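*Asks:* Could you have a look at this structure, given as structure tokens, before my questions?
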Amino acid sequence: MKPFPIFQILALFAVVLPSPASAQAPESVMVMEAYSGKILVSANADVKRPIASLTKIAAAIVTVDWATATGTDLGTTMLTAPDSITLVGGPNPMNLQPGDRLSLRDALYSALLGSDNLAALCIADHVGREILTRRGKTGEPVAAFVGEMNQLAKALGMTQTRFANPHGLERPNAKAYSTAADVARLSAYAMRRNAITFIVRQKDRQINVTGATGKRGYHVRNTNELAGEPGILGVKTGTTNAAGPCVAICTDREPLVRQKPDGSKGATPRRLIVVVLNNPDRFNRARSLIERGWAVYDPWLAAGAPVENRNREILSMPTPQ
């Protein structure tokens with residue numbers, strides 16, 4: 001029997017090997033004005049899909065809200081890397097080892113700017129443990145923390161979202177998903193917190209870790225290429241094979257000052273949330289959507305912000321208590 005040439009064998013495998021799920025699915029986008037909830041651009045915005053490290057936005061909210069409620073200082077509170085970080089897999093940019101210590105703030109920097117999965121797990125372990133202790137309960141700390149993330153999603157009206165871990169990596173038998181619309185809700189809520197806004201707008205940050213050999217420093221760069229551009233406040237990137245390249249962006253314009261009928265002046269704040277899920281050119285796509293979003297919003301506001309069908313035109317977002 002005459003053997004097949006090697007290029008024919010390779011070609012055969014190229015045909016039958018499955019492609020990543022992200023390559024088979026169209027993108028999802030949502031552009032909304034954060035204060036009014038006005039939907040400006042929407043495509044496949046309610047399609048459930050993985051969101052990769054955009055998950056860390058929810059982890060950051062739970063952490064900051066917990067710190068605020070308990071009077072915990074993010075800069076001075078130290079956490080210890082648990083043994084479970086060895087099971088996360090993937091990049092380990094800080095070379096974290098079980099027993100290493102770092103501040104909660106530096107862990108947030110690494111998780112939000114550098115998209116560090118191990119840092120996110122360290123945060124979840126520490127905060128989850130504290131939550132259980134304060135409630136007089138026992139259990140697995142990370143699971144308790146993820147439970148808080150899902151309670152947050154429920155409170156924000158994110159009905160098409162389920163979190164399975166604090167970092168966004170896909171895991172067998174642990175299905176997690178969200179939508180562009182739900183990520184927009186999450187991002188708008190996150191950017192109401194000064195602590196989160198301050199972190200995610202940075203282009204880079206120097207952080208420290210203390211281990212068995214002493215203190216070591218790391219320079220963390222923001223994975224968000226739009227960070228530092230005019231008006232950009234954050235928020236987060238994410239990429240996995242299943243989710244594809246994703247990004248959530250928050251951008252502001254100066255408040256619009258207008259004279260009221262009584263002669264006084266009023267200011268209307270203006271902020272866009274842009275979510276792009278599964279687009280290989282996510283950053284340029286986000287830039288174009290920002291421009292398109294303002295082009296829709298400005299005449300709508302000038303016309304008096306009319307709303308004919310609230311369910312279709314406004315992205316509702318409850319305010320959790």
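The values are calculated or read from the model by the stated rules, or taken from the named source; none is laboratory data. Every value quoted in this text rests on a predicted model; they were computed, and no experiment measured them. Every residue, glycine among them, receives a Cβ derived from its backbone with ideal geometry; neighbour counts consider all protein chains shown.
*Asks:* Quick check on the stretch 191-207. Is at least one of its residues of a type in the set (G, A, S), surrounded by 22 or more Cβ atoms within 10 Å (Cβ to Cβ), within 23 Å of T223 (Cβ to Cβ) and at pLDDT 95 or above?
*Replies:* No: the stretch 191-207 contains no residue that is of a type in the set (G, A, S), surrounded by 22 or more Cβ atoms within 10 Å (Cβ to Cβ), within 23 Å of T223 (Cβ to Cβ) and at pLDDT 95 or above.
*Asks:* Next question. How many residues does the stretch 186-244 hold that are touching a Phe, Trp or Tyr at 6+ places or on another chain (Cβ under 9 Å) and either outside any strand (DSSP E or B) or of a type outside the set (V, I, T) (or both)?
*Replies:* 9
*Asks:* Kindly evaluate T72 against the criterion of being under 16 Å from L108 (Cβ atoms), out of contact with any helix residue (DSSP H, G or I) (no Cβ under 8 Å at 6 or more places or on another chain) and not in a helix (DSSP H, G or I).
*Replies:* Spelling it out, it is not the case that T72 is under 16 Å from L108 (Cβ atoms), out of contact with any helix residue (DSSP H, G or I) (no Cβ under 8 Å at 6 or more places or on another chain) and not in a helix (DSSP H, G or I).
*Asks:* Does any residue of the stretch 271-292 turn out to be touching a Gly at 6+ places or on another chain (Cβ under 9 Å), in a strand (DSSP E or B), of a type outside the set (A, V, I, L, M, F, W, C) and free of Cβ contacts under 8 Å to residues at least 40 places away in the same chain?
*Replies:* No, the conditions are met nowhere in the stretch 271-292.
*Asks:* Select, from R221, R253, R282, the only residue that is within 21 Å of the chain's Cα centre (by Cα) and surrounded by fewer than 16 Cβ atoms within 10 Å (Cβ to Cβ).
*Replies:* Every option except R221 fails the conditions.
*Asks:* Looking only at the stretch 22-80, count every residue that is within 20 Å of S187 (Cβ to Cβ) and among the hydroxyl-bearing types (S, T, Y) and tell me the total.
*Replies:* Total satisfying the criteria: 8.
*Asks:* Hey, can you tell me all the residues within the stretch 264-315 that are of a type in the set (A, V, I, L, M, F, W, C) and touching a Pro at 6+ places or on another chain (Cβ under 7 Å)?
*Replies:* Matches in the stretch 264-315: A267 only.
*Asks:* Another one. Could you tell me how many of the residues in the stretch 131-149 are surrounded by fewer than 19 Cβ atoms within 10 Å (Cβ to Cβ) and not basic (K, R)?
*Replies:* The qualifying residues number 8.
*Asks:* Return the residues of the stretch 150-180 that are surrounded by 24 or more Cβ atoms within 10 Å (Cβ to Cβ) and part of a helix (DSSP H, G or I); say none if nothing qualifies.
*Replies:* Within the stretch 150-180, A180 is the sole residue that qualifies.
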